[in-house]
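In what follows, a structure is listed as structure tokens, so that the remarks can point back to it.
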Amino acid sequence: MRLRDQASLTTASRQRTRPERQRAVVRALRDTATRAQGPVRRVLDDHRAHGRVRSYTPLWAVDALVVTATPDVIAELAARP
């Protein structure tokens, strides 16, 4: 499941050195993924507690989640705006 939010890299572009820019990019991507994925992860955790989600893996670099779940949960996720 890929989410729509995109990280702002404005801060990263203002950094002087390449390592500083890299750290700023990683921080921005992780922060965006944490914020955007939070509500979806709570839904997945609830479904997992009821046996409808087998597993999920958050991917911060692309703001996505890899989900193994029942078809009804997948349909619910697909219907999200």
*Tell me, Kirkwood radius of region 1-63 from alpha-carbon pair distances, in Å?*
13.0 Å
*With a 1.4 Å probe and every protein chain kept in, tell me what percent of the accessible surface of the chain is carbon plus sulfur.*
50 percent
*Net charge of neighbours whose Cβ lies under 15 Å from the Cβ of residue 72, counting Lys and Arg as +1 and Asp and Glu as -1*: +2
_Charge context of residue 38, other residues only, Cβ under 12 angstrom, K/R +1, D/E -1_ = -1
*For helix 18-49, what angle does its Cα long axis make with the longest principal axis of the chain, in degrees from 0 to 90 and rounded to 10?*
10 degrees
_I need to check one value: relative contact order of the chain, counting alpha carbon pairs closer than 8 Å and at least 6 residues apart, in percent._
32 percent
*So what's the net charge close to residue 8: Lys and Arg +1, Asp and Glu -1, counting the other residues with Cβ under 12 Å from its Cβ?*
+1
*At 1.4 Å probe size, with every protein chain present, just tell me what the per residue accessible area of the chain comes to in Å².*
71 Å²
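The values are calculated or read from the model by the stated rules, or taken from the named source; none is laboratory data. Source: prediction; values computed, not measured. Cβ: placed from backbone, ideal geometry, glycine included. Neighbour counts: every protein chain shown. Note: accessible area is taken over every heavy atom of the protein model, side chains too, but ligands, DNA and RNA are not part of it. Shrake-Rupley method; radii C 1.70, N 1.55, O 1.52, S 1.80 Å.
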